[in-house]
Amino acid sequence: MIARTSTKIILPFVVLLIAGVLYFSLVSSRTERERPALTEKVWQIDIIEARQQTLSPSVTLYGRIESPEQLKAAAPGGGIVEKVFVRNGARVDQGQPLVTMDRRDFAASLLQAEADLRDIDNQIAELKIRYQSNRVSLETERDLLALANDEVQRLVELKKQNLSADTALNSARSELGRRKLEVTARELEVESYPAKLQILTARHDRGKAELDQAKLAMDRSSIKAPFDAIISEVGVAAGDRVSMGQILISLFPVNDLEIRAHLPTNYVKSVQLALAEGRQLDASVANRKYLGRFPLIRLAGEAEATGIDAYFTIDAIAEQLRPGELLPLSLMLPAENGVFAVPYQAVYGNSRVYRVVENRLQALDVVTIGQSSAEDGRALVLIRSSDIEPGDQIAITHLPNAVSGLKVQINVE
């Protein structure tokens with residue numbers, strides 16, 4: 001019994017001992033693997049050789065067609081639209097009827113203005129006649145005043161001699177007072193004539209202006225094209241009631257369109273200098289529908305933080321364009337000396353390129369001048385940098401993880 005118990009106690013230790021011996025035997029007999037050596041990744045790239053040149057850069061602008069003389073014809077007064085002769089987009093000739101309003105809406109105002117003016121003319125004529133009459137009457141009344149004064153003096157002398165009664169003298173003095181009042185009133189009438197004439201003359205001028213305005217409204221009730229134009233908007237239809245100043249129709253001259261495009265700040269100085277020197281700068285449109293060149297005619301009077309608006313004239317193809325239309329323009333800028341032409345993918349952030357030195361990238365700061373085209377039609381960007389030397393190897397493969405010191409290998413064609 002005791003022997004069996006001892007066996008149960010010793011057996012687990014024997015098993016653990018055997019397992020430990022086997023484990024250490026296996027560990028000591030395993031084959032050691034060699035750790036892999038770390039190698040730096042090499043990126044395959046293409047390069048171009050930097051070549052300093054004198055080139056004319058171009059810049060892409062997005063222009064909007066505008067008409068500086070777009071006409072918006074408004075109603076000269078309230079009334080009814082009688083007839084509309086044209087539709088939106090129609091081409092019209094100078095003098096062609098566009099819209100007419102019912103002339104009866106303006107006839108009453110015209111008759112009223114004519115009647116008021118005639119009334120004022122009659123008042124002026126009456127005033128002049130009264131003035132002439134007052135002048136004649138004033139002379140007569142002054143004579144009568146002198147006679148009344150003599151009569152009072154005579155009666156005073158007689159009174160001193162007790163040859164006249166008091167009643168006769170009082171009556172003479174009363175008559176003298178009435179004559180003085182009549183003369184004073186008549187003199188006032190004569191002296192106030194210039195002021196009254198000026199008042200009526202002013203009313204006449206105002207009435208004449210109202211009559212002219214009524215005639216003008218009557219004439220403008222029939223709207224005609226003031227020049228060869230294209231209708232841009234028709235805002236009414238026959239039978240519509242409109243108020244004074246309401247826009248009836250809009251049109252713009254056929255040959256008076258221009259393009260307004262925003263010129264970035266980077267290019268403003270060179271363009272201003274070229275215009276000051278009298279040099280012509282032209283823009284073109286890549287779309288075949290609008291083949292042609294558009295001369296730059298002026299810059300806006302006010303600049304913005306991002307640049308300034310530039311205006312281009314339109315000549316040959318004006319009838320193919322409409323105000324509000326957008327056009328991509330390519331503006332040719334003055335030639336720049338000492339620039340390098342590289343593909344777009346070579347430029348990072350519009351201000352950095354990488355040079356290859358001993359199979360490693362080296363970042364260089366650059367200034368973007370504009371764009372250009374290679375002989376095969378590829379788009380190129382023109383850059384300038386004091387750090388680039390002719391013959392430098394510029395990386396043109398765009399690497400998302402490009403950084404100074406990155407190891408590269410140049411592809412060999």
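The values are calculated or read from the model by the stated rules, or taken from the named source; none is laboratory data. This is a predicted model, so every value here is computed, not measured. Every residue, glycine as well, gets a Cβ built from its backbone with ideal geometry; the counts of neighbours run over all protein chains shown. Note: accessible area is taken over every heavy atom of the protein model, side chains too, but ligands, DNA and RNA are not part of it. Shrake-Rupley method; radii C 1.70, N 1.55, O 1.52, S 1.80 Å.
Details
- Taking the centroid of alpha carbons for each part, the stretch 357-405 and the stretch 81-116 are 67 Å apart.
- Using θ = phi - 60° and Karplus 6.51 cos²θ - 1.76 cosθ + 1.60, couplings along the stretch 143-152 (whole Hz; Gly, Pro as x): 5, 5, 5, 5, 5, 5, 5, 5, 5, 5
- Candidate aspartates and glutamates for bridging to K160, where Cα separation is under 19 Å - those fewer than 8 sequence places away on the same chain excluded: D150, E151
- Lysines with Cα under 16 Å of K128, excluding same-chain neighbours fewer than 8 positions away: K196
- Amide hydrogen proximity for K83: with H placed 1.01 Å from N in the peptide plane, the residues at 5 or more positions away or on another chain lying under 5 Å are T100.
- Length released on extending from R203 to A146, taking residue separation times 0.36 nm less the Cα-Cα span: 16.5 nm
- Full-extension gain in nm, Q246 to L71, via 0.36 nm per residue minus C-alpha separation: 61.7 nm
- Dimensions (Å) - the chain, Cα atoms, principal axes, largest first: 195, 82, 53
- Other-chain or far-sequence residues with amide H under 5 Å of V381's (modelled H): V342, Y344, S372
- Accessible surface calculations at 1.4 Å, restricted to protein heavy atoms, place the chain at 63 Å² per residue.
- Between T54, T184, T100, the residue with the greatest mean-square fluctuation in the GNM of the chain (Cα pairs under 10 Å linked by springs) is T184.
- Assigned charges on the beta-carbon of Lys, Arg, Asp, Glu; the chain dipole about Cα centre (debye): 1680
- Remark: the stretch 96-101, residue by residue, has Karplus-estimated 3J(HN,Hα) of 6, x, 10, 9, 10, 10 Hz, where x stands for each Gly or Pro and the curve is 6.51 cos²θ - 1.76 cosθ + 1.60 at θ = phi - 60°.
- Helix-only [θ]222 nm of the chain, DSSP H runs n ≥ 4, -39500 (n - 2.57) each, per residue, nearest 500: -13000 deg cm²/dmol
- Measuring with a 1.4 angstrom probe and ignoring ligands and nucleic acids, D93 comes out at about 80 Å² accessible.
- Largest mean-square fluctuation among V366, V15, V86, in a Gaussian network model of the chain whose springs join Cα atoms under 10 Å apart, belongs to V15.
- Take the Cα of R220, step 7 Å toward its Cβ, do the same at Y344, and the gap between the two points is 5.2 nm.
- Straight-distance candidates among the lysines for linking to K224, with alpha-carbon spacing under 25 Å and chain neighbours fewer than 8 residues away dropped: K72, K83, K215.
- Full extension of the chain between S284 and H398 gives 38.1 nm of extra length, using 0.36 nm per residue less the Cα-Cα distance.
- For the stretch 83-147, the fraction of 1.4 Å probe accessible surface lying on carbon and sulfur atoms is 51 percent.
- If you run the Gaussian network model on the chain, springs between alpha carbon atoms under 10 Å, then out of N170, N255, N337 the most flexible one is N170.
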